[in-house]
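The values are calculated or read from the model by the stated rules, or taken from the named source; none is laboratory data. On a predicted model such as this, the values are computed, not experimentally measured, just so you know. Here the Cβ positions follow ideal geometry from the backbone for every residue, glycine too, while neighbour counts run over all protein chains shown.
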Amino acid sequence: MRGTLSFRIGAILLVGFVLLQLLLVVVLQLPGRIDDRGYYGLPPPRAFAELVRAVEAAGPFGGPRLVENFNGSLFEVELRRAAPGDFREVPERLSVIAADYRRALAGHNVVIDGGPGRLNALLGDRARPLRFLVPIRITVWLRGGDVLVLTGRPADGLRAYLAQRSMIGLLGGTALLLALWVALRQTTRPLQRLTASVRALGEDLHADDARPEGSREVRTLAQAFNDMKHRIARLVEERTFILAGIAHDLRTYLTRLQLRADFIDDAEQRARATRDLDQMSALLDDSLLFASLGQGHRREAEMVDLAALTRDLAALHPHDPRIHLDVPQASLVLGNPPGLERVFGNLVDNALRYAATVTVRVARADNRILWSFDDDGPGIPPEHLACLGAAYARLDPSRDRLTGGAGLGLAIVRALAEAMGGTVSFRSERGQGLRVEIALLSPEAVH
């Protein structure tokens, strides 16, 4: 079905309505109930008394034929030689009915009980107007010695007829439910696939397009999503291209300025100029890296021993004595080695900019490897934690890289971690330092 969603739901409702009407027609063809006036489908006492007198008057030869004629109605009538042997105590709710029948059949011995039924063992003497499961039974001793037993449930032929019609209704309802399930599954499956495509966009701007399928509205939505995805990817690529062009031109001027700085006679001024030019070059590198990470490309992941990498990077860091390690002998993660090196460098440099020491830990939590960086700096107020990791967001108003930097260090860390399938979290309290925790995928999480 390739119609609109409204058409599909309308068709389902129409088919269900038609089937319901057919079921009602079948039910209406059944014999109608008599007006039992509160006697649970039993004949009224006066009519039953007339039946008893007619059977007695018919004698031993006409009585069974008369009973057989009445036995095809909505209750079952039997003429027995002996009374049933499974009488049950008359429940209180049947006492009024029993009194009515006894008054109508004065001079006869009348017993009203719950009668035989499949639920008698569970319900005890609590008779219910359930004509198939717990019928009400009237037993009358006739003057000729026979016993007339009337059970308030349809005879065998009518019960078979009702059972057949009930089975038809059950099969029809089952078919309707199956049709509804198939139709809803066909309707929701394209939405589920479109949802998966939307989630994939958050991880990779160059993920495959959503497949237009399903109803007209869903196909239109999928096409609109694909168009939006292409526009976003094009805008990100244009941004990166523009930044690369600006960086190329700026590097030309930076090279000229560096050459001219060499001719500054004052050594202190020459050193300051060189430091400023180096910071500008580093800022360009960070901006270009962040812009390329913003394109949403997943980095090629490989098996990396994070514990060994952490020890090697700490040994090569110029401030090695200020770095404390708490890492196991080995801890494998899925990651990109150059990206992990950049994350380590950014976080350690950021910590040592404000703290005396930084502790790097590697630990396991379920199917993730936690790589945490704790410093003993002044900490960050809780209301400012949400700003960490945002591009160009800094708590230090200074733009000096020796104090606050340009605000891209933690943003690059977050982007690199997400490109490797990880997550970054920040925890801090004023006066208790800052913890940056990166949760990376372990090989077990993939397999």
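Quick one: would you say residue 239 is among the charged types (D, E, K, R) and surrounded by 15 or more Cβ atoms within 10 Å (Cβ to Cβ)? Against the criterion (among the charged types (D, E, K, R) and surrounded by 15 or more Cβ atoms within 10 Å (Cβ to Cβ)), residue 239 does not qualify. Taking the criterion of being of a type in the set (A, V, I, L, M), under 15 Å from residue 428 (Cα atoms), assigned by TED's automatic domain parsing to the domain that holds residue 413 and touching a residue at least 24 places away in the same chain (Cβ under 8 Å), would at least one residue in the range 335-347 satisfy it? The answer is yes, given that some residue of the range 335-347 is of a type in the set (A, V, I, L, M), under 15 Å from residue 428 (Cα atoms), assigned by TED's automatic domain parsing to the domain that holds residue 413 and touching a residue at least 24 places away in the same chain (Cβ under 8 Å).
Suppose we keep only residues that are farther than 23 Å from residue 421 by Cα and among the hydrophobic types (A, V, I, L, M, F, W, C) within the range 276-311. Which one would you say is modelled with the highest pLDDT? Once the filter is applied, the top-ranked residue is 277.
Looking at 351, 330, 314, which is the one that is closer than 20 Å to residue 439 by Cα and at pLDDT below 85?
Details: 351 fails: at pLDDT below 85; 314 fails: at pLDDT below 85.
Going through 351, 330, 314 in turn, the sole match is 330.
From the list 201, 235, 243, the lone residue that is over 22 Å from residue 422 (Cα atoms), among the aliphatic types (A, V, I, L, M), at pLDDT 80 or above and assigned to a helix (DSSP H, G or I) is 235. Among the residues of the range 251-285, the one identified as within 23 Å of residue 241 (Cα to Cα) and aromatic (Phe, Trp, Tyr) is 253. Cβ separations smaller than 8 Å between residues 6+ apart or across chains give the following pairs from the range 246-262 residues that are over 9 Å from residue 277 (Cβ atoms) to residues that are among the aliphatic types (A, V, I, L, M) and part of a helix (DSSP H, G or I): 247/284; 247/288; 250/280; 250/284; 251/284. Residue count for the range 142-198 satisfying the condition of being assigned to a helix (DSSP H, G or I) and of a type in the set (D, E, K, R): 6.
Suppose we filter the range 364-400 for residues that are of a type in the set (Ser, Thr, Tyr) and at pLDDT 80 or above; how many remain? Residues in the range 364-400 being of a type in the set (Ser, Thr, Tyr) and at pLDDT 80 or above: 1 in total. Considering the range 332-383, the residues that are of a type in the set (Asp, Glu) and part of a strand (DSSP E or B) include one that is farthest from residue 322 (Cα to Cα), namely 374. When residue 79 is tested against (1) out of contact with any helix residue (DSSP H, G or I) (no Cβ under 8 Å at 6 or more places or on another chain); (2) surrounded by 16 or more Cβ atoms within 10 Å (Cβ to Cβ); (3) modelled with pLDDT of 70 or more, only condition (1) is not met. Within the range 417-447, take every residue that is surrounded by fewer than 17 Cβ atoms within 10 Å (Cβ to Cβ) and within 25 Å of the chain's Cα centre (by Cα) and give me the one that is modelled with the lowest pLDDT. So, considering only residues that are surrounded by fewer than 17 Cβ atoms within 10 Å (Cβ to Cβ) and within 25 Å of the chain's Cα centre (by Cα), the one modelled with the lowest pLDDT is 447. Taking first residues from the range 61-83 that are on the phi < 0 side of the Ramachandran plot and partners that are surrounded by 12 or more Cβ atoms within 10 Å (Cβ to Cβ) and of a type in the set (D, E, K, R), the Cβ contacts under 6 Å between residues at least 6 apart in sequence or on separate chains come to 76/153; 79/146.
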